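Structure, as C-alpha cells:
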Amino acid sequence: MVVRQYQQELEYLEKISSYCWRIKKGFQPNMRVEGVFYVNQTLEKLMLDELRNACRPGMVGGFLPGVKQIANVAALPGIVGKSVGLPDVHSGYGFAIGNMAAFDVNDPESIVSPGGVGFDINCGVRLLRTNLYESDVLPVKEQLAQSLFDHIPVGVGSKGIIPMNARDLEEALEMGMDWSLREGYIWAEDKEHCEEYGRMLNADPAKVSMRAKKRGLPQVIFFSKKSFYCPFLFHGIKVYIYELDEIYDKWAACKMGIEEKGQICVMIHSGSRGFGHQVATDALVQMEKAMKRDNIETNDRQLACARISSVEGQDYLKSMAAAANFAWVNRSSMTFLSRQAFAKQFNMAPDDLDMHVIYDVSHNIAKVEEHLVDGKPKTLLVHRKGSTRAFPPHHPLIPVDYQLTGQPVLIGGTMGTCSYVLTGTEQGMFETFGSTCHGAGRALSRAKSRRNIDYTDVLQKLEYMGISIRVASPKLVMEEAPESYKNVTDVVNTCHAAGISKKCIKLRPIAVIKG
Amino acid sequence: MSKRILSALNYPQAESLNLNDEATFRRIIAWLEINIIKQAPNVIANNLKNITARDWDEIYNRYKDSLGCPPVGSKLEELQWILGYAAQIETNDNRSLYLKHAVENMKSKNVPDVVAENPLDKLNFRSNEFVDGVNELAKILNTVPHPDPLITLRAVRKVIVKRMAPDCVEHAEKYIVKGTPFPFEEHALGFDLKDPVLNRAAKIMRMIYIQDLRELQTRANELIVAVQNITANPKTDTKLGKVGY
C-alpha cells in the first residue's frame, strides 16, 4: 500500500458542499467507483483528525480510519454508484460502521460481504407509542424502570421468561415475526409497521451451524434447560422510555400517532447478538476459501467476501436472513414484555394504552432492492452497516400508513442524549440508495471508554438529568456513556441539512434499561 | 416448509425425509401424482412410479410442464411448487369441509343462502328511460354523471352501498371515517406532470389508492387475528427469568 503524508492524502478528498465530501479514485488502490461521506463542521474535524492520526509515522499497518475503509469498499467487485459514508461513520470490521454500498445482482462478479452487514445481524430499533404523558409516568418512573428490568432480563448469562425449545427456534428462524404472531406474542398491526414485514423470506435455518443455534437458544428472551455459554455481547439490549420533546414535522408525527409534547414512547434496541455473530464468523471462514478459489482480491483482509451467485454467497444470505428473523423475534418478544410491564404498572390493557409499534428499522443488513442507477432500474444487493433504510413517500415497500410521509427512520441516541425520528426523502433515494445514519456513532472505542470514564460520574450526571437507569453491569455504563459517542444532534442535523432524510420528532430519555 | 405440506397431505414419515435425496424426491413425485393430483394419463403415472428407470427425469420434466410448473431453478423449488399445487387440489376437494370451519362462517352459520334472480339482467341499458333514471338517481345522490350510464350506475351503487345501507343510516358514526385531516395538497406527489389539473387528479388517484391499500391491509390484519384466535398461546414463566450468571 502507498504511504502518503496527510497533506498528500487531502488532495484526494474534495468538499463538494457544506455537508458532503467526495473521495476521489486513487485514494486507495483499485477503486472502481468514488466514495462520498456526509459531515458537518464538527464531524468533519473528527473524520479528518482520525485520518491525520493514521498518517503519523509508525501508524502504518495499524487500524484503518473510516474514510480509508469507505475507499476500500469502493474497490470491491460489482459495486455501483458510490461507497457512501453516513455522518455517524466510524471504523469497523472491514466496512466502516455507517457505510452503505450496493452491488449489482446481475453482474456475475458482484460480491456479498459479511463485513458489510456486521456481526450483530439485523441489530435495529423499534419504537412503541403510548397515550400516556409525562405527568402519568413521572410519579411511577422508578417502579416502571424496575418492572421493565425484571420483565426483560438483560446482560450476559441472563435468561428470558419466554419458554422456547430447539424446535421453536427452528420455526422462529424460518418465520421471523410470523412466529411471534402465530404464538400470540404480538399484535397483527405490529407486522405492517416493520421493515420487510418482520420476515426475510429467503431464510434457511438449515444453513445455520449448530454452534450458532446453540448460541441463540439461551439468549435474552429465550430459555432452555441446558445453559449454554454466550461470551459475546456486542450491542446489548436497550430499552428506553422517552418523552416527546419537540415536533418538527407535525403532519408526519400525526401519521405516527404522536400528537403532543410530553407524550411517552418506548424504544427497544437489540439485534441477533451471539447468534448473528456466529453466523458471520462461520461465513467469514467459508468466504476466505471462496476468495482463493475465485481469485477475488480486496484491499483489506477483513473485507472477506464471496460472489453473490456462489454457494458461499447464497449460504451466507440465507443464514443472514435467518439471523435477521431471530432479531425480529427478539424485538417482538421484548415488545410483548414491555407491554406487559406497562399494563401491570398502569392496571390497563396494552390496547387501552395504545401501545402500537410506530416502526421497526434494521441497522445491519444486506437486502435485494430495486434502484435507479443512471436512470435505469437495477436490482442491487444493498449492504447497510450501521445505516438505516430511509425510503421516500410513495415507495411500494413502505407501510400504507406512511405512504404520504416517507418511511420513519428511528435514530437511537445514547443513554443521556436525545433520540430522533426522521423520515425518508426522494433526495436520499437518489443520493444514498435510500439510506441514512443509524445513531450517534462511537467516538471512543469501548476499551478507551472504560479507561477514560468513571461510571459513578456518568450515573450522577444521568440522575441530575432526571433519567432513571437500570444496568446489568457498571462496565456498560462506561462503554455506553454519552461521552463515548458522537453528538447525535450533529449527526441528525447533517442528514437533515444534506437532504438525505428529514427531521420529524425529537425524544428525550427519562428511563434507560440496559444489558 | 415442504415437509410441513407433505405431512399435511399425510405423506408417510414426512418429518424425517431427506428432500435432497434423488430417490426420495422421485418417490414423493410419484406418490403425489397417484394419490392427490391424478391428472397424468395412466402410462405416465406408471412411469413415474418406476423410480429407478433411466428416463425418469425426462418423464418428470414432461409431467411437470404438463402441470404448468414455471421454470424455477432448482428441483427443490419445483417440488415446492408441485406441493403447493397438490395442496390446492386437496383443499378444493374438501372445500365444503374447510368452509364449515372458515372464520366468517362460524359467525353466520345459521343464515340461509338465498340466490334470487337478478331483475337487472332483463333491463335495456341503452334505453333513454334507463339513462334518464340513472342520471336522476345520480343527481339526488350528488354524484357527477359519466357519459356512459353504466359507469354512473357503478358510482351510484358505491355511494349506496357505502352510505345508504340500513346499518349505515342507523349508526352513521360507525361509517364516517374519523381521523385528523391531512393537507395532501401541500405534499409532494413524487413526480410532476407539468399541469396543475393533472397533478391534482394524480394526487386524488394516489389518495384513493392509499385508501384501498389501507382497506386491504386491515383485512389482512383481521385475517391474522382470526388465525391467532386458534393458534395463539403466549406463555411466560417468571420463574425462568434470571439476570446475569
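The values are calculated or read from the model by the stated rules, or taken from the named source; none is laboratory data. Computed from a predicted structure; not experimentally measured. Quick reminder, even Gly has a Cβ in these numbers, built from the backbone with ideal geometry, and neighbours come from all protein chains shown. SASA here: full protein model, heavy atoms, side chains in, ligands and nucleic acids out. Shrake-Rupley method; radii C 1.70, N 1.55, O 1.52, S 1.80 Å.
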> If you bin the C-alpha pair distances of chain B every 10 Å from 0, what whole percents do you get?
Replying inline: 5, 15, 18, 17, 21, 16, 7, 1, 0
> Once the piece of chain linking B:Gln39 and B:Thr180 is laid out straight, how much longer is it, given 0.36 nm per residue of separation minus the C-alpha distance between them?
Replying inline: 45.2 nm
>> If each DSSP helix of 4+ residues adds -39,500 (n - 2.57) and the sum is divided by the residues in chain B, what number results at 222 nm, nearest 500 deg cm²/dmol?
In response: -17500 deg cm²/dmol
> Tell me, what is the FRET efficiency for A:Thr281 and A:Glu109 to the nearest 0.05, using R0 = 22 angstrom and their Cβ-Cβ distance as r?
Replying inline: 0.30
>> Quick check: pseudo-label points 7 Å beyond the Cα along Cα→Cβ at B:Lys235 and B:Val197, how many nm apart are they?
In response: 6.7
>> Can you order the peptides B:85-92, A:71-78 by their average number of other Cβ atoms within 10 Å per residue, highest first?
In response: A:71-78, B:85-92
> Could you give me the ³J(HN,Hα) list for region A:282-292, computed from phi with Karplus coefficients 6.51, -1.76, 1.60 and θ = phi - 60°, whole Hz, x at Gly and Pro?
Replying inline: 4, 5, 4, 4, 4, 6, 4, 5, 4, 5, 5
> Given a Förster distance of 41 angstrom, what is the FRET efficiency for B:Lys3 paired with A:Ala447, based on the Cβ-Cβ distance and rounded to 0.05?
Replying inline: 0.30
>> To the nearest hundred square angstrom, how large is the accessible surface buried between B and A, total for both chains, probe 1.4 angstrom?
In response: 3200
> If one computes the Cα centroid of region A:484-505 and of region B:169-227, what distance in Å separates the two points?
Replying inline: 31
>> Straight-line reach only, C-alpha to C-alpha below 14 angstrom: list the aspartates and glutamates that B:Lys38 could link to, leaving out same-chain residues fewer than 8 apart.
In response: B:Glu90, B:Asp93
> How many Å³ per residue does the convex hull of the Cα positions in region B:174-223 occupy?
Replying inline: 101
>> Straight-line reach from A:Lys344: which lysines fall under 19 Å, measuring Cα to Cα and dropping same-chain residues less than 8 apart?
In response: A:Lys141, B:Lys235, B:Lys239
> Hey, if we sort B:Met207, A:Met210 by accessible area with the 1.4 Å probe, largest down, what's the order?
Replying inline: A:Met210, B:Met207
> For the protein assembly as shown, what is the convex hull volume of the alpha-carbon atoms per residue, in Å³?
Replying inline: 213
>> Let me check against my output: what whole-number percent is the relative contact order of chain A, with C-alpha pairs under 8 Å and at least 6 apart?
In response: 21
> Residues with beta-carbon under 13 Å from that of B:Val169, excluding B:Val169: net charge, scoring Lys, Arg +1 and Asp, Glu -1?
Replying inline: 0
> Can you run phi through the Karplus equation (6.51, -1.76, 1.60; θ = phi - 60°) for region B:139-144 and list ³J(HN,Hα) in whole Hz, with x for Gly and Pro?
Replying inline: 4, 4, 8, 6, 10, 6
>> Which order do you get for A:Arg331, A:Arg450, B:Arg163 if you rank them by accessible area with a 1.4 Å probe, largest at the top?
In response: B:Arg163, A:Arg450, A:Arg331
> Taking a threshold of 20 Å on the Cα-Cα distance, which of the pairs A:Lys214/A:Lys289; A:Lys318/B:Lys75; A:Lys486/A:Lys506; A:Lys461/A:Lys486; A:Lys250/B:Lys162 fall above it?
Replying inline: A:Lys214/A:Lys289; A:Lys250/B:Lys162
> Which ³J(HN,Hα) values in Hz, rounded to whole numbers, follow from the phi angles of region A:185-193 under the Karplus curve 6.51 cos²θ - 1.76 cosθ + 1.60, where θ = phi - 60° and Gly and Pro get x?
Replying inline: 7, 10, 8, 4, 5, 4, 5, 5, 9
> Residue separation times 0.36 nm, minus the C-alpha to C-alpha distance between A:Glu246 and A:Asn295: what's the value?
Replying inline: 12.3 nm
> Using mean Cβ contacts within 10 Å as the protection proxy, how do A:14-20, B:181-187 order, highest first?
Replying inline: A:14-20, B:181-187
> Gain in length, A:Asp351 to A:Tyr6, computed as 0.36 nm per residue apart minus the alpha-carbon separation, to one decimal in nm?
Replying inline: 118.4 nm
> Hey, got the average number of other protein chain Cβ atoms within 10 angstrom for residues in A:381-394?
Replying inline: 1
> In the protein assembly as shown, carbon and sulfur make up what percent of the accessible area (probe 1.4 Å)?
Replying inline: 54
> Summing Lys, Arg as +1 and Asp, Glu as -1, what charge do residues with Cβ under 14 Å from the Cβ of A:Asn106 carry, A:Asn106 excluded?
Replying inline: -2
> With r defined as the distance between the Cβ atoms of B:Lys139 and B:His187 and R0 fixed at 30 Å, what FRET efficiency is calculated, to the nearest 0.05?
Replying inline: 0.35
> Once label points are set 7 Å from the Cα along Cα→Cβ at both A:Glu288 and B:Asn92, what is their separation, rounded to one decimal in nm?
Replying inline: 5.5
> So, counting K/R as plus one and D/E as minus one, what does the shell of residues with Cβ under 12 Å around A:Lys506 add up to?
Replying inline: -1
> When all protein chains stay in place, what accessible area (Å², nearest 10, 1.4 Å probe) is found for B:Arg126?
Replying inline: 150
>> Below 8 Å, C-alpha to C-alpha, sequence gap of six or more: please give me the relative contact order for chain B in percent.
In response: 9
> P(r) for region A:91-153: what percent of alpha-carbon pairs falls in each 5 Å bin, starting at zero?
Replying inline: 3, 12, 12, 15, 11, 8, 9, 11, 9, 5, 4, 1, 0
> Label 7 Å along Cα→Cβ of A:Asp136; region A:460-483 residues with amide nitrogen under 13 Å?
Replying inline: none
>> Need the list of aspartates and glutamates near B:Lys49 for cross-linking: C-alpha distance under 15 angstrom, and skip anything on the same chain fewer than eight residues off.
In response: B:Glu22, B:Glu33, B:Asp57, B:Glu58
> What residues have an amide H closer than 5 Å to that of A:Asp245, excluding those fewer than 5 places away on the same chain, when H is modeled at 1.01 Å from N in the peptide plane?
Replying inline: A:Gly262, A:Lys506, A:Leu507, A:Arg508
